[in-house]
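**Student:** Below: one structure in C-alpha cells.
What follows draws every value from the coordinates through simple rules; no lab data is involved. Remember, it's a predicted structure, so these values are computed and weren't measured experimentally. Note: ideal-geometry Cβ built from the backbone for every residue, glycine included; neighbour counts use all protein chains shown.
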C-alpha cells in the first residue's frame, strides 16, 4: 500500500507546529516517532492491527493509549498516531520518523551525515572534514563516525545527497573496471 505523502507531510507539519523548537523536545518526539516507525515496519501483528478496517477506532485507540503509557510517548506523537489511524492512513507510520527528521533538519539547516573509515580517526581530521563539507553544502553537518575495515583505507563521507567516496576499495573496483574494459 502506497504512503499518502500529503497526509504524511501535513501530520509532520502539525507536529512541528505543536512542539517547542528546542532540542530536547525535538529529540524526544523524533525518538518516539522512530519507535513507532520501527514497530510498524518490523512488527507484522501491530501493522495488521493498525491497518485492519474491521477493528474499530475505539479498540485501536485503547491499544495506542496503553502502549503510549508503557513507553511514555509524547502526547503530541500519540495524538498524531491516533489521527492517522482514525482517517485510515496507518501506512503513513512507515515513514513518519524519516519525514519528521527531514523537516527538522531543513528547519535548522542541518544535515545528518556519516564518515566511514577503515581505522580510527583523530578529532582534528574529523573537524577538517566537517568544515569542508559544511562549506560545500552551506549547511551545518552532524556526523556519525563508523569504522568499516572492508574499505581498506581512505574515507567515505555521506551528508544528505552529497557522497564523497575516496576509499581504496572503490579505487580498486574502478581500476578493475578500466582494466577489464579493454
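**Student:** Of the beta bridges DSSP finds with both residues in the chain, what % are antiparallel, to the nearest 5?
**Tutor:** Once the DSSP bridges in the chain are tallied, antiparallel ones form about 55 percent.
**Student:** Segment 5-105: D in µm²/s via Stokes-Einstein (Kirkwood Rh, Cα pairs, 25 °C, 0.890 mPa s)?
**Tutor:** Taking Rh from Cα pairs, D becomes 181 µm²/s.
**Student:** Treating the angle as unsigned and between 0 and 90°, give the value, to the nearest 10°, between the Cα long axis of helix 168-180 and the longest Cα principal axis of the chain.
**Tutor:** Computed tilt is about 70 degrees.
**Student:** Label-point separation (nm) for residue 134 and residue 66, each offset 7 Å from Cα along Cα-to-Cβ?
**Tutor:** 4.8
**Student:** Now a separate question. Please identify, among 82, 18, 130, the residue showing maximal mean-square fluctuation in a Gaussian network model of the chain using a 10 angstrom Cα cutoff.
**Tutor:** Greatest mean-square fluctuation among the candidates belongs to 18.
**Student:** Here's something else I'd like to know. Only Cα pairs under 8 Å and at least 6 apart count here; give the relative contact order of the chain as a rounded whole percent.
**Tutor:** Relative contact order, the chain: 21 percent.
**Student:** Let me ask something else. So what is the calculated 222 nm ellipticity per residue for the chain, using -39500 (n - 2.57) for each DSSP H run with n of 4 or more, over all residues, to the nearest 500 deg cm²/dmol?
**Tutor:** Mean residue ellipticity, 222 nm, calculated: -19500 deg cm²/dmol.
**Student:** To the nearest 10 degrees, how steeply does helix 96-108 sit against the main Cα axis of the chain, on a 0 to 90 scale?
**Tutor:** So the helix axis and the longest Cα principal axis differ by about 60 degrees.
**Student:** How big is the convex hull of the Cα atoms of segment 110-180, per residue, in Å³?
**Tutor:** Dividing the Cα hull volume of segment 110-180 by its residue count gives 85 Å³.
**Student:** Expressed as an acute angle from 0 to 90° and rounded to the nearest 10, what is the orientation of the C-alpha long axis of helix 123-137 relative to the principal long axis of the chain?
**Tutor:** The answer is roughly 70 degrees.
**Student:** Further question on the same structure: For the chain, report the convex hull volume of the alpha-carbon atoms normalised per residue, in Å³, without decimals.
**Tutor:** Hull volume normalised by residue count: 179 Å³.
**Student:** What FRET efficiency would be calculated for the residue pair residue 52, residue 4, taking the C-beta separation as r and a Förster radius of 22 Å, to the nearest 0.05?
**Tutor:** About 0.80, to the nearest 0.05.
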